[in-house]
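The values are calculated or read from the model by the stated rules, or taken from the named source; none is laboratory data. As the structure is a computational prediction, the values presented were derived from the model and not from experiment. Positions of Cβ are generated from backbone atoms using ideal geometry, with glycine treated the same way; all protein chains shown enter the neighbour counts.
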Amino acid sequence: MAVSDAAAPMPLDWRLAAKRILRSPLTTIIMILAGILCGLYYPTFAHAISPVAQVYLNFLKMVVLPYLVSSVIFSITAMVQDPKSVRYLGKVGIAVLVVSFLAVLVSGTYSLILKPGQIENPQSRIELGEFINSQGSVSTDLAFPFQPPPPTADPNGGHSIFLDLLPNNVFNALA
């Protein structure tokens, strides 16, 4: 082997590099932060690409979630049929009950101490009441946005037709 061959850089395999980058947990965290920043600083762009996100969520609801539920059901069925794992299921069940009880206890204690939803300042109560009354007779979906909402597009736009092709639930679409 010549000296010049040893010093030559290795050829970069782009497919391998892309696979390593896309499978990295750091990439996921960076993309989540990029999505949050995009929504905060470029709301019109985020609203424009929202059909892509809706398609992705519809695919998740249609394919992945039923697959996960069925795999959990089949796994539990296999565990119940195995005599060695039955005693572990009892321990897991007790652990779930204990953790659930502790979660209720801690959240109940914090809500009694912090009293969320209680407004001490009378002026704040008056302003909140005026805001609620200005929304009409029935206003159960109050939202306080950070920014004014972007102008809404025509609901009969091209992407709404595409979104209607992808059902949220396969079984509701078949019914």
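The residue that is nearest to the chain's Cα centre (by Cα), counting only those in segment 14-48 that are among the small types (Gly, Ala, Ser) and surrounded by 11 or more Cβ atoms within 10 Å (Cβ to Cβ), is GLY35. Please list, ordered by first then second residue, the pairs with beta carbon atoms under 6 Å, 6 or more apart or interchain, first in segment 59-87 and touching a residue at least 24 places away in the same chain (Cβ under 8 Å), second assigned to a helix (DSSP H, G or I). Listed by first residue and then by second, the contacts come to MET62/VAL170. When every residue of segment 66-78 is checked against the conditions, at least one turns out to be at pLDDT below 90, in a helix (DSSP H, G or I) and over 29 Å from the mean Cα position of the chain (by Cα).
Of the helices (runs of 4 or more DSSP H) entirely within segment 79-167, those holding at least 2 residues that are within 30 Å of the chain's Cα centre (by Cα) and at pLDDT below 75 occupy 158-165.
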